[in-house]
Amino acid sequence: MMTILLLFLPLLAALVVLLGGSKHASSIALGLAVAELAVTAYAINVFQTEGPEAFYVFHTWIDSPKVSFHLGLDGLSLVMVILTNLLVPLIILSGFNRTIPNAKGYFSLILLMQFALVGVFMAMDGLLYYIFWEVALIPIYFIALRWGGHNRVAITLKFFIYTLAGSLLMLFGFIMLYWYNPEQSFDIRELYTMVISQENQSWLFWMFFLAFAIKIPIVPFHTWQADTYRESPTQGTMLLSGIMLKMGIYSLIRWLLPVLPLGVAKWGQLAMILCVIGIVYASIIALKQKNLKNLLAYSSVAHVGLIAAGIFALNIQGLQGSVVQMFAHGVNVVGLFFCADIIFNRTNTNEISELGGIRNLAPLFSTMFTIVVLGSIALPLTNGFIGEFLLLYGVYEYNVWLSVFAGLTIILGAAYMLRMFKKVMLGQPSSYVPEFPDLYWNEKIVLGVFVLIIFGMGIYPQPIFNLVEPVLQDILSHSIL
Amino acid sequence: MNTLIYTAGLGMVCLAMEILDLRKLLVPVILLGLAVIFGVNLMSWADSGPVIFAGLDMSSMLLVDHFSVAFNGVLIVAAAFLFAMSHDFYKDEQHHLSDYLTIIVFILCGAMVLTSYSNLVMMFLGIEIVSISLYILAGSRRHDLRSNEAGMKYFLMGSFASAVLLFGITLLYGASGSFKLTEIASYAATYGMDSPMFLVGSLLVVCAFLFKVAAVPFHFWSPDVYEGSPSLVTTLMATLVKVSFFAAFYRLMSSGFAGIDPHTSTILVIVAAATMIVGNLVALKQINFKRLLAYSGIAHAGYMLLAILSLKTNSASALLFYGATYILATIGAFAVALPVFSSTGKETIDAFDGLGRKKPFIAGMLTLSMLSLAGIPPLAGFLGKYYIFSEAIHNGYVAITLLAVITSIIGVYYYFKVILAMYTKAGEDTEIQFPMLYSIVGIICVALSILLGLWPGGLMGLL
């Protein structure tokens, strides 16, 4: 029952906001998103006492071909659901004090997106999962299309078709799995235990990997990303970078490793090398960026590259690190894009060369921005550190040389982030920033929560480990033969 | 059988109403009649005995089985949508109203023959009933040059295809000595591969069907005819007629040829591949909405050919589901397009410019229809595609299914051209008149598309 509530409350909220009119759309949306967060908090409570069995939902959906409405909430899913339901109210709150035309449509689409994301993280049936995965694409496409920047039409279409291409290959892969499965179903428990020949796994691997690699994105499938991040409205960018790309990483862990272990054994190393190339490549490109949002987009490519590399390391440290870092990166990158939005809101520019000297004008904003930046470059005691440390450790266990290159992300990350921070925040105020009002109330709350999470997770990350450890051990036991 | 008789009766009633000068009541009466016919059709689901008419056993001519009842049901619903839209579409042509509507009723009769024939003669009759009526309707705008062109083109090419079909039927008869599907099937099972006459005959019949469903390389008539015909006739051709031809094609392959022999299979794989590639690629360049949907219809024919290829596992229900979703999405799209065309006077994609701002609700309906055609979940079009792909893979057609997946990615691009026009272009300030019946049809189609996408149970796995 609670699983159903957790899943459908955002959908209901989206409808309510759509019918509620534009005037109070943001407040209604926020209220309902907070309600969803409260349900999540209650779900955590139940999870602690009763375990994942309390969330098991199973109904037959289509008899022939057999598809079931199978939802579940284990530790891994729970972490992702918490991340989603924590970020969405903050993302909505970040839209306060901004003029948004047709606000009811905007916030309704954000909540619809939340619905699809929660569905992706809880679906335990292949086709059901696929449907949520696709449904998540539609709201974000329309958010970027209707409320995006100047070049939005061509760029969002490229984004849509690029990601859909990957998805359809995955659908093809799922249908193949269905017929390989002697029980002929998409149920995750059967997919985990079924036996597929090495030959078939090795090409099925690419059907799934391409879909996830495009979504994450792993170099060289990243070309849609920076443009889309830049042209999307801020909340869209936050959804994309904070939660949507985590769909790809989550799916690597949940669907790729345990279902196609032989395929991963064969191609995992190549995937790992792609990830590491991506880390270095994206970091170097980030160094050269002139636009703040572009820089953040490429830094995101580098960070998620490391997360994916940790997954393909196929050891428990790498997997744990990837989950922790997914959570941390979700918080940090949303925080960073919000800071970029705060700057754009006051100066109308995101060109790094045109900014400067904001610290003197807005000390509170400056402090919070600093903390988010430090979290992003993985300073000890911030949330980024735990994850990156574990990830690098996992990659080190896999191959020393790869970990050396992957480790460059920390050095290069510090270089481009601090350089950016210096140019944007320090020095004398540039002509574009004659005045810079400090944070409004909603911005204070959003950034305040982020700062709390950054330190909270950095100092005491154990709860997340406790949640995901058994799931990851189980997945690992299916992935290593 | 009763379904067919009642439908023919409805056609007579329409003609009588013209004589009695009751044109105003025509559409309501037809809709009511279709509701009755739908009920009659529903009742014949359980009762699948031999067809007895006037004391004679007609089973060697028509065979009412679950396949025909299910397809008839879908066709009746499609026809009801078309008649509902015809009320406003033919508002300025009241004096021809009963002619047009009666012809459409008879097309429905022909389509029902096509879903339930058990004899090649009946199959030919069904095809001719539908085709000849369509030649008339395509050219029904007598003063419009393009409509004349469409009618003429369709007639010339269509009658050529009919001749090929007839020639094929003759050869089949010559080889097997019978028109009955059952006897042809038993002949095919014993001698089929060894008899050149039978093989040539079956090839000719298959080619004629490929022409009728507009598969590449027999598709050239379709964009011109779709573009030139009155828009409602285009809708009719793209939906009801196309699906009924596919039902007939499936019936022929499954009960007439007793499965697909390797030669036909190779031909159909090549044709399906070419159809999907050409349909999707050429659609990219279209600026006329009706031509766009013509090419999209060609592409969808390619996907439906996959269902015909997958005979071994009884893919009839996949074809039924796909046909139904395709009909719903296409009629949903035309229910928006027809009033937009008549208000703006244009039939190009830019007629939709700015519709998202002017009429957000209507634009939403067209968006959902386009998404369903593109096969995006949770709309029914997605499950239709999934079902067909799944069946094809199960039958071992992996490579062609992969091609189908790739071409359907291309498809997204041109469906989105329409959506982009509505939401990103400014457009002129023409007032769009949107009569109520169009909206009702559109809403029902879109709602059914969503419902079938969420609860496909009723239609999926029916056969």
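Which residues, taken from region A:144-160, are buried (at least 17 other Cβ atoms within 10 Å of the Cβ) and either part of a helix (DSSP H, G or I) or facing chain B (nearest Cβ under 7 Å) (or both)?
The answer is A:144, A:145, A:146, A:147, A:152, A:153, A:155, A:156, A:157, A:159, A:160.
Quick one: in region B:402-423, which of the residues that are touching a residue at least 24 places away in the same chain (Cβ under 8 Å) and facing chain A (nearest Cβ under 7 Å) is farthest from the chain's Cα centre (by Cα)?
Once the filter is applied, the top-ranked residue is B:423.
Here's the yes/no breakdown for (1) surrounded by 19 or more Cβ atoms within 10 Å (Cβ to Cβ); (2) in contact with a strand residue (DSSP E or B) (Cβ under 8 Å, 6 or more places away or on another chain); (3) assigned to a helix (DSSP H, G or I):
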position	(1), (2), (3)
B:232	yes, no, yes
B:259	no, no, no
B:268	yes, no, yes
B:281	no, no, yes
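Just one of (1) part of a helix (DSSP H, G or I); (2) crowded, with 20+ Cβ neighbours inside 10 Å; (3) within 14 Å of another protein chain (Cβ to nearest Cβ) trips up residue A:226, so point out which.
(3)
Filter region A:223-233 for residues that are in contact with a Gly (Cβ under 7 Å, 6 or more places away or on another chain) and farther than 16 Å from residue A:290 by Cα and give the result.
A:232, A:233, listed by residue number.
Given (1) in contact (Cβ under 8 Å) with a residue 12 or more places away in the chain; (2) farther than 30 Å from residue A:295 by Cβ, where does residue A:190 come up short, assuming only one miss?
Failing condition for residue A:190: (1).
Tell me which of these residue B:201 doesn't satisfy, since it passes every other one: (1) surrounded by 21 or more Cβ atoms within 10 Å (Cβ to Cβ); (2) in contact (Cβ under 8 Å) with a residue 40 or more places away in the chain.
(2)
Could you please let me know if residue A:418 is in contact with a helix residue (DSSP H, G or I) (Cβ under 8 Å, 6 or more places away or on another chain) and free of Cβ contacts under 8 Å to residues at least 60 places away in the same chain?
So residue A:418 fits the description; yes.
Looking at region A:200-220 only, could you name the residues that are assigned to a loop (DSSP other than H, G, I, E, B) and aliphatic (A, V, I, L, M)?
Those that are assigned to a loop (DSSP other than H, G, I, E, B) and aliphatic (A, V, I, L, M): A:216, A:218, A:219.
Would you check if residue A:191 is in a helix (DSSP H, G or I), in contact with a helix residue (DSSP H, G or I) (Cβ under 7 Å, 6 or more places away or on another chain) and more than 14 Å from chain B (Cβ to nearest Cβ)?
yes
Would you mind finding the one in A:369, A:344 that is aromatic (Phe, Trp, Tyr) and farther than 22 Å from residue A:410 by Cβ?
Among A:369, A:344, only A:344 is aromatic (Phe, Trp, Tyr) and farther than 22 Å from residue A:410 by Cβ.
Condition first: surrounded by fewer than 24 Cβ atoms within 10 Å (Cβ to Cβ) and either more than 7 Å from chain A (Cβ to nearest Cβ) or in contact (Cβ under 8 Å) with a residue 40 or more places away in the chain (or both). Now tell me which residues in region B:391-400 satisfy that.
B:394, B:395, B:396, B:397, B:398, B:399, B:400 - these are the residues of region B:391-400 that are surrounded by fewer than 24 Cβ atoms within 10 Å (Cβ to Cβ) and either more than 7 Å from chain A (Cβ to nearest Cβ) or in contact (Cβ under 8 Å) with a residue 40 or more places away in the chain (or both).
Could you please give the count of residues in region B:344-368 that are of a type in the set (S, T, N, Q) and within 13 Å of chain A (Cβ to nearest Cβ)?
Number satisfying all stated conditions: 1.
Would you mind finding the one in B:119, B:72 that is in contact with a Lys or Arg (Cβ under 7 Å, 6 or more places away or on another chain) and touching a residue at least 40 places away in the same chain (Cβ under 8 Å)?
B:119
Looking for whichever is under 27 Å from residue A:235 (Cα atoms) and part of a helix (DSSP H, G or I) here; the options are A:475, A:371, A:411. Which one fits?
Going through A:475, A:371, A:411 in turn, the sole match is A:371.
Can you name every residue in region A:171-181 that is hydrophobic (A, V, I, L, M, F, W, C) and either at the interface with another protein chain (Cβ under 10 Å from one of its Cβ atoms) or without any contact (Cβ under 8 Å) to a residue 24 or more places away in the chain (or both)?
Within region A:171-181, A:171, A:172, A:174, A:175, A:176, A:179 qualify.
Can you pull out every residue in region B:424-463 that is outside any helix (DSSP H, G or I), in contact (Cβ under 8 Å) with a residue 60 or more places away in the chain and more than 10 Å from every other protein chain (Cβ to nearest Cβ)?
B:426, B:427, B:428, B:430, B:431, B:432, B:433, B:434, B:435, B:459, B:463
Looking at A:111, A:127, which one is within 11 Å of chain B (Cβ to nearest Cβ), buried (at least 23 other Cβ atoms within 10 Å of the Cβ) and either outside any helix (DSSP H, G or I) or out of contact with any His (no Cβ under 6 Å at 6 or more places or on another chain) (or both)?
On inspection, the qualifying residue turns out to be A:127.
Being of a type outside the set (Val, Ile, Thr), farther than 14 Å from residue A:118 by Cα, free of Cβ contacts under 8 Å to residues at least 24 places away in the same chain and out of contact with any Asp or Glu (no Cβ under 8 Å at 6 or more places or on another chain), is that true of even one residue in region A:63-74?
yes
Hey, could you check region B:405-463 for residues that are polar (S, T, N, Q) and over 21 Å from residue A:128 (Cα atoms) and say which is surrounded by the most Cβ atoms within 10 Å (Cβ to Cβ)?
Among residues in region B:405-463 that are polar (S, T, N, Q) and over 21 Å from residue A:128 (Cα atoms), the one surrounded by the most Cβ atoms within 10 Å (Cβ to Cβ) is B:407.
Any idea which of A:167, A:185 is assigned to a loop (DSSP other than H, G, I, E, B) and either facing chain B (nearest Cβ under 8 Å) or not hydrophobic (A, V, I, L, M, F, W, C) (or both)?
A:185
Tell me the residue from B:216, B:225, B:206, B:243 that is over 30 Å from residue B:97 (Cα atoms) and in a helix (DSSP H, G or I), please.
Result of the check over B:216, B:225, B:206, B:243: B:206.
Hey, does region B:369-384 have a residue that's within 10 Å of chain A (Cβ to nearest Cβ), in contact with a strand residue (DSSP E or B) (Cβ under 9 Å, 6 or more places away or on another chain) and in a helix (DSSP H, G or I)?
Yes, there is a match, as at least one residue in region B:369-384 is within 10 Å of chain A (Cβ to nearest Cβ), in contact with a strand residue (DSSP E or B) (Cβ under 9 Å, 6 or more places away or on another chain) and in a helix (DSSP H, G or I).
I need a count of the residues in region A:295-326 that are polar (S, T, N, Q) and under 17 Å from residue A:372 (Cα atoms).
Looking only at that region, the number is 3.
Values in this text are rule-based calculations from the coordinates and carry no lab data. All values derive from a computational prediction rather than experimental measurement. For neighbour counting, all protein chains shown are included, and Cβ atoms are generated from backbone atoms with ideal geometry for every residue, glycine included.
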